[in-house]
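Take a look at the structure set out below.
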Amino acid sequence: MAADRLPVLIVGDVHGDIQRLFAALKPYPAQDWRTIFLGDLIDFGAFGVGCLRFARDRQNSEVLLGNHEVAMLGALGDPSRVSFWVSIGGQLHDLDELRKDESLQAWMRERPLLLKLDDGTLVQHCGNDDYRMLIADDKADPVSAVNENGRLVLEAGDTHLMWSVMSGKGIFAAQPERLDRWLELTGSRRVVFGHTPHHESKPAHYHGGKAINFDGGLSRAHYRRAQPLGASVGPLPP
Ligand SMILES: [Mn+2]
């Protein structure tokens, strides 16, 4: 697509704070950037579904699936999972809104788990290699296998399995051997991710930039003290 030629803008976990999302995107007009959202647009903040729709509709943008989207889809399909989802920040008014919008539901289920860029960057929600649990066939391209099997699992309504794949803590910062194995398996030179806040003023680089965390705690509803916008949103380094 034409957006492939644009510089890449990464957007970390938004968690329903649409005002700070707009503020963070202001220096980056949609037509000038290929915007990649790392997932977890919802929960904690009041405008989760609004953030999802905005990301879906922004020009030249792609949106990865986050574990909070998985939990919300679980709550949508199974009333017994609503209380768990609320316990991790789920907003009931957002669930009502999603229930009325079947095309948004379908769009959420189709979100990829992994995105491989032409420059060898792998982009994903969690800084974790648990995605490998979705690889069944050694011969298949691992990135396609994770995305295809993830989609099948979501279509089957097994959000419980998907949650276990996607909710682990980040391990790439502390376990460089696992990082290297994941990069080798996926044929990537580095991995960009969110999911676990890094508490730095800019995206956190680990192991010489082989792993970069863009979850800078953007949402005021999730983190009492507002973190800098540039900790979560910014250009992909060269
Ligand atoms: Mn997450």
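All of the numbers you see were taken from the coordinates with simple rules; none came from a lab. Source: prediction; values computed, not measured. So basically every Cβ, Gly included, is an ideal-geometry build from the backbone, and we count neighbours across all protein chains shown.
Out of the residues in segment 128-147 that are within 16 Å of the chain's Cα centre (by Cα) and part of a helix (DSSP H, G or I), which is farthest from Leu6 (Cα to Cα)? Of everything passing the filter in segment 128-147, Asp130 is farthest from Leu6 (Cα to Cα). Which one of Asp137, Asp130, Asp158 is out of contact with any helix residue (DSSP H, G or I) (no Cβ under 8 Å at 6 or more places or on another chain) and charged (D, E, K, R)? Criteria check complete, one pass: Asp158.
Taking each residue of segment 115-126 that is within 15 Å of Asp141 (Cα to Cα) and looking for partners that are within 16 Å of the ligand (Cβ to nearest atom) with beta-carbon atoms closer than 7 Å, six or more apart or interchain, yields Leu115/Ile36; Leu115/Leu64; Leu115/Val123; Leu117/Val123; Leu122/Leu114; Leu122/Val191. The set of residues in segment 179-201 that are within 16 Å of the ligand (Cβ to nearest atom), closer than 15 Å to Val123 by Cβ and part of a loop (DSSP other than H, G, I, E, B) contains only His195.
Filter segment 90-127 down to the residues that are more than 19 Å from Ala211 (Cβ to Cβ), within 16 Å of the chain's Cα centre (by Cα) and within 15 Å of the ligand (Cβ to nearest atom) and list them by number. Hits for segment 90-127 are Met108, Arg111. Restricting Phe54, Phe47, Phe84 to residues that are surrounded by fewer than 22 Cβ atoms within 10 Å (Cβ to Cβ), under 17 Å from the mean Cα position of the chain (by Cα) and more than 28 Å from Gly209 (Cα to Cα) narrows the list to Phe54.
Within segment 161-178, the only residue that satisfies the criterion of being among the β-branched types (Val, Ile, Thr) and in a loop (DSSP other than H, G, I, E, B) is Ile171.
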